[in-house]
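Just so you know, all these numbers are worked out from the coordinates, no wet-lab data involved. Since we're looking at a predicted model, the values are computed, not measured. Neighbour counts run over all protein chains shown; Cβ positions are idealised from the backbone, glycine included.
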Amino acid sequence: MAKKILILNGPNLNMLGTREPETYGSQTLGEVEQLCIKRATSLGLGVEFLQSNSEGELVDYIQGAKEKFDGIIINPAAYSHTSIAIRDALISVDLPIIEVHISNIFKRETFRHHSYVSPVANGIICGLGTKGYLLALEALVEQL
Ligand code: DQA
């Protein structure tokens, strides 16, 4: 059975392509999804790609991943810096987790320097643009 990865995206990432393109680039989230599906297929992985603007919905997606997925790639977006609920949900499912940020959060405002998710992630990729999602898939396949 092919291993399955859940790729989760937090608030405002549905606006990729038009949102602050100087920071996040010009690719839409749909384009990122297609690239992830392509890379996952070539790595022999199954993938589901989801986005939500709601913290509770992201928690529900994470809880639901326990039985269905072998690993999680998450860009928690602004919730990285605020959400103990998302961190607790990630701990509860006990799956390998890679945190992705499109921008280099350490080069930006100080409130972005802290992530509640980072201490519970196996690895963190940030500042490499949307390529970070593809690198995360490559990293996870080795860990599974
Ligand atoms: C982000 C960085 C966060 O600080 C920000 O709130 C986002 C996107 C990134 O991918 O660079 O929405 O997670």
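Remarks
- In order along segment 124-140, phi translates into HN-Hα couplings of 10, 10, 9, x, 9, x, 5, 4, x, 5, 6, 5, 5, 4, 5, 5, 5 Hz, rounded to whole numbers, per the Karplus curve 6.51 cos²θ - 1.76 cosθ + 1.60 with θ = phi - 60° and x for Gly and Pro.
- With a cut-off of 12 Å on the backbone N, the residues of segment 93-113 near the modelled label site 7 Å out from E20 along Cα-Cβ are 102-113.
- Only Lys, Arg, Asp and Glu carry charge here, each on its Cβ (+1 for the first two, -1 for the last two); on that basis the chain has a dipole of about 260 debye about its Cα centre.
- Shown for segment 27-86 is the translational diffusion coefficient from the Stokes-Einstein equation, using the Kirkwood radius over Cα pairs, a temperature of 25 °C and a viscosity of 0.890 mPa s: 191 µm²/s.
- If a spin label sat at a point 7 angstrom from the Cα of F111 along the line to its beta carbon, the backbone N atoms of segment 34-59 nearer than 20 Å would be those of 53-56.
- Label point at S42 placed 7 Å out along Cα→Cβ; residues across segment 116-138 whose backbone nitrogen lies under 18 Å: 129-138
- Rounded to whole Hz, the Karplus (6.51, -1.76, 1.60) HN-Hα couplings of segment 57-68, x for glycine and proline: 5, 5, 4, 4, 4, 5, 4, x, 6, 3, 8, 9
- Taken over segment 1-64, the percentage of Cα pairs per 5 Å bin, counting from 0 up to the bin with the maximum distance, is 4, 17, 23, 20, 19, 13, 4, 0, 0.
- Remark: the E57-A85 segment gains 9.0 nm on full extension, using 0.36 nm per residue and subtracting the alpha carbon distance.
- For the chain, a Kirkwood radius taken over Cα pairs fed into Stokes-Einstein (10 °C, viscosity 1.306 mPa s) yields D = 106 µm²/s.
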